[in-house]
Amino acid sequence: MNEQDLIIEKKIEKREKTDIIIAYMLIVVLIFCILFVIYLKFIKKGKKLETIPTEYTVNTITLNDIASSLSSNLSSKYNSITALAKDTSITINYGDINYNVPLEGNELVFNIDNDNMTLSEDIYKEILSSVCTFYHNDREGCKNAAIKVSESNPTSGVRFDSNKIYINIVNSISPNETSTTLIYNTETEANLDTSFEVEMNNTKISNIVIDTENNVKVTGDITYTSDKTTSKVTVKLYDENNTLLEEKSVAAVDNFSIIFEYSDTLKIDNLKKYSVVVE
């Protein structure tokens, strides 16, 4: 065998080895493809998809929410008030006074009782506050907004018709960051939770606070718009019908503090309003 034949034989052997390697590689690829098809068809198909539970979120205020807000937030002023939610209405009781507030569509219909105007206003404004707070999570801002709502100042989610107020429970009023401070320049009977200032006789009384926990304590700061240096401050306490329960006066310079002790004639249940005047 000459040299040329040896070269040819080596080339053939090399080609055979290469073909064998390629054949083995093809077999491995084929086996992998077969196994992958079996996995897709039988194994993966047999796996159950994991069920992700859907989280249910309440996005509309309920009558129970409103009734609970009425009972808890008005109890400090009306300590025996109760509110009970039914299927399509809320029943509110305070002593001999009863309110039935039906739900018509998305609106609570509240009948304003002219004989008990203060109580009626407190109730419907608390309903407004509770609905607003549910959607905006801003209790103080919602209280400030509710204070301003009236027949002459309607807003979104509220409408007045004669002695009825319709409160939409899915479309609330918007909260206000600050409340409007009332300024009285004549003697005015205000609800215990009303924020106000007094400006009369060249004197201004601000930061008026009434505390009714252990006794009735009324305090405030005094400033002058003239050369006055002292003032006589008088505080009067009233029941719901504006009947005078008790009054006291004090001579003051920069601030004042007047205390009334509870008695048979002055009871926390009867105390609903007060006034502050300055001479």
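The values are calculated or read from the model by the stated rules, or taken from the named source; none is laboratory data. Quick caveat: nothing in here was measured; it's all calculated off a predicted structure. For neighbour counting, all protein chains shown are included, and Cβ atoms are generated from backbone atoms with ideal geometry for every residue, glycine included. These accessible areas exclude ligands, DNA and RNA; they are computed on the full protein's heavy atoms, side chains included. Shrake-Rupley method; radii C 1.70, N 1.55, O 1.52, S 1.80 Å.
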**Fill in**
By the rule of no other cysteine beta carbon under 4.7 Å, the lone cysteines of the chain are C33
**Message:** Could you work out how much longer the chain between F32 and N241 gets when fully extended? Use 0.36 nm per residue separation minus the Cα distance between them, nm to one decimal.
**Reply:** 66.0 nm
**Prompt:** Using a ≥ b ≥ c from the Cα gyration tensor of the chain (square roots of the eigenvalues), is it rounded, prolate or oblate, where a/c under 1.5 gives rounded and otherwise the larger of a/b and b/c decides, a/b for prolate?
**Reply:** prolate
**Asked** Just going by the charge dipole of the chain, with Lys and Arg at +1 and Asp and Glu at -1 on Cβ, which of N215, N116, I167 is farthest out on the positive end?
**Response** I167
**Prompt:** Using a 1.4 Å probe on the protein chains only, how many percent of the accessible area of region 96-179 belongs to carbon and sulfur?
**Reply:** 40
**Request:** Determine the per residue accessible area of the chain with all protein chains present and a 1.4 angstrom probe, expressed in square angstrom.
**Result:** 63
**Fill in**
Counting only protein heavy atoms with a 1.4 Å probe and every protein chain in place, the carbon and sulfur fraction of the accessible surface of region 182-250 in whole percent equals 39
**Request:** State whether region 63-157 is rounded, prolate or oblate according to the following rule on the C-alpha gyration tensor (a ≥ b ≥ c being the square roots of its eigenvalues): a/c under 1.5 gives rounded; otherwise a/b larger than b/c gives prolate, and the remaining case gives oblate.
**Result:** rounded
**Item:** Cβ-derived FRET efficiency at R0 35 Å, E104 paired with T225, nearest 0.05
**Value:** 0.10
**Prompt:** Once fully extended, how much extra length lies between D138 and T82, figured as 0.36 nm per residue of separation less the alpha-carbon to alpha-carbon distance?
**Reply:** 17.8 nm
